[in-house]
C-alpha cells in the first residue's frame, strides 16, 4: 500500500488518525474516527450542522462536540489532535470562499480545533466518493438543497464540475425546499381563484397534523399547526365559515418568528418543515394535477442541471450516476420518475447508484476517505483501493450509526 495513504509527514509530526464529518441531513450529523490504515474505531451521530442555516456560535459548539465525542468513544483525548487530519463535507460549503475562509479560517479557528490538516468540502463531493468509489461519473443531490457534480479523476486528483447548489435564498431548483414552496404557492393560488379544496391541500393538512415525529422540526410544526386548527374550529362556531387554506398564511408567516421557536433557530425549522411537504406532495402525485406538475417541474430542473454540468465539464457521458439526498432516499416514486426522465433525455441507460446499492457507504465515509488520501481543500485526491476496502469493511461494524437511510 502506498505509504502516502498511511503516513503524512508535516511540520507537527506524523498523522496517525483521521476524522471524517458529514453535515447534510436535517436530523443529525455524523462523524467517524479511523487509524492511518482506514480502520474505523469510533462513529457517532450528533446534532445537525450546516454552514448557512445554523447560527455560527451554534455551529462552533456542535463541531467541538462532534470531535470530543468521537475521541471519547475511542478512549482518546484531545492530545491526539496534533497527529490527526480532519475532512468535513458540509451543506453550504459549495464555493471556495465558504470552504477556505468561512469554514476553515473562521469556524475552525473559533472552535480552537488546531488540526494540522483541515480539508473543507461540500456534501456532494463526499457523497460521490462514498457511494460511487469511481474515478468518473456524476451525482445529483436533492434534499433541502440541490446540486449536480460531474466527476473526473486526473491521476490521483479529482476534478469536480458543479452546477447549481446556490443556496435557499437564490433557489436550489429541484430541491425539497423549492418543491415545498411551490406546494404553498399553488395552494395559495387555489384559494385566490376560489377553487375547491384540492387533494394536495388535504394531503398537506393531514401531514402537518401528524408528520413523522422523529423529525424535531416536523414535530414542532405539528404542535403549532394543531394549535392553529383548534382556534380555527372554535371560530367556526362563533364567526361562521373560514376557508382552512388561510391557516397556511398565518402558519407560514408567523411560525419562524414566534418567540417560543426563535431559540431553536426558527428559519432552519421552517426550512425543514417546508422541505417536508415533499411527503404529502408525493402522496398526491397520482391524484392531483398540480402535485404532478410540481414534481415533474423539479425533475426537469434536475435533469437540466445535470446536462448543463456535462456541457461545462466538456467530458464524455459516464455511466455511473449517484442519486442521493432525502428526496431520492425516501421517495422511491420520485427516484423512479427521475431515472426514466434522465435516461430518455440522454437516450442513454445510466448505472444508477443509490443508498441501496451494495457498494454505497454513508457520505461521512467519503469525508474519511478524502482525509486518508492526503487531500487538500483545493485539491481532493482519490483514495487507493486498499484504503477503500479497509473503510468499507470497518464501517460494517457500526450498522446503526452508519446506516445509509
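Annotation: residue 305 fulfils all but one of (1) touching a helix residue (DSSP H, G or I) at 6+ places or on another chain (Cβ under 7 Å); (2) within 17 Å of residue 165 (Cα to Cα); the unmet one is (1). Filtering the range 69-92 to residues that are within 16 Å of residue 118 (Cβ to Cβ) and touching a residue at least 40 places away in the same chain (Cβ under 8 Å) leaves 70, 80, 82, 83, 84, 85, 86, 87, 88, 89, 90. Residues in the range 160-188 that are in contact (Cβ under 8 Å) with a residue 40 or more places away in the chain and in contact with a strand residue (DSSP E or B) (Cβ under 6 Å, 6 or more places away or on another chain): 160, 161, 162, 163, 164, 165, 174, 175. Somewhere in the range 117-124, is a residue within 22 Å of residue 403 (Cα to Cα), modelled with pLDDT of 95 or more and under 23 Å from the mean Cα position of the chain (by Cα)? The answer is no, given that none of the residues of the range 117-124 is within 22 Å of residue 403 (Cα to Cα), modelled with pLDDT of 95 or more and under 23 Å from the mean Cα position of the chain (by Cα). Criterion applied to 20, 89, 31 was being modelled with pLDDT under 95 and outside any loop (DSSP other than H, G, I, E, B), and the one residue passing it is 89. Once the range 363-388 is narrowed to residues that are in a loop (DSSP other than H, G, I, E, B) and out of contact with any helix residue (DSSP H, G or I) (no Cβ under 7 Å at 6 or more places or on another chain), the residue that is modelled with the highest pLDDT is 375.
When 71, 63 are screened for being buried (at least 24 other Cβ atoms within 10 Å of the Cβ) and at pLDDT 90 or above, only 63 passes.
Checked against the criteria, residue 250 does not count as closer than 23 Å to residue 200 by Cβ, at pLDDT below 95, surrounded by 15 or more Cβ atoms within 10 Å (Cβ to Cβ) and more than 23 Å from the chain's Cα centre (by Cα).
Filtered by the rule that a residue be loosely packed, with under 13 Cβ neighbours inside 10 Å and either part of a loop (DSSP other than H, G, I, E, B) or in contact with a strand residue (DSSP E or B) (Cβ under 9 Å, 6 or more places away or on another chain) (or both), the range 196-238 gives 196, 210, 213, 214.
The C-beta contact set for the range 332-355 (first residue without any contact (Cβ under 8 Å) to a residue 60 or more places away in the chain and on the phi > 0 side of the Ramachandran plot, second residue outside any helix (DSSP H, G or I) and exposed (fewer than 15 other Cβ atoms within 10 Å of the Cβ), distance under 7 angstrom, 6+ apart or interchain) is empty.
Of the conditions (1) surrounded by 24 or more Cβ atoms within 10 Å (Cβ to Cβ); (2) on the phi < 0 side of the Ramachandran plot; (3) not in a strand (DSSP E or B), residue 181 fails just one. Which one is it? Here residue 181 clears every test but (1).
Do you know which of the residues in the range 300-334 that are under 16 Å from the mean Cα position of the chain (by Cα) and part of a helix (DSSP H, G or I) is surrounded by the fewest Cβ atoms within 10 Å (Cβ to Cβ)?
The qualifying residue surrounded by the fewest Cβ atoms within 10 Å (Cβ to Cβ) is 330.
Residue-by-condition table, conditions (1) at pLDDT 95 or above; (2) assigned to a loop (DSSP other than H, G, I, E, B); (3) more than 18 Å from the chain's Cα centre (by Cα); (4) surrounded by 15 or more Cβ atoms within 10 Å (Cβ to Cβ):
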| position | (1), (2), (3), (4) |
| --- | --- |
| 339 | yes, no, yes, yes |
| 342 | yes, no, yes, yes |
| 359 | no, yes, yes, no |
| 393 | yes, no, yes, no |
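The values are calculated or read from the model by the stated rules, or taken from the named source; none is laboratory data. Fair warning: this is a prediction, and the values are worked out from it, not measured in the lab. Cβ sites come from the backbone with ideal geometry, for glycine too, and all protein chains shown count toward neighbours.
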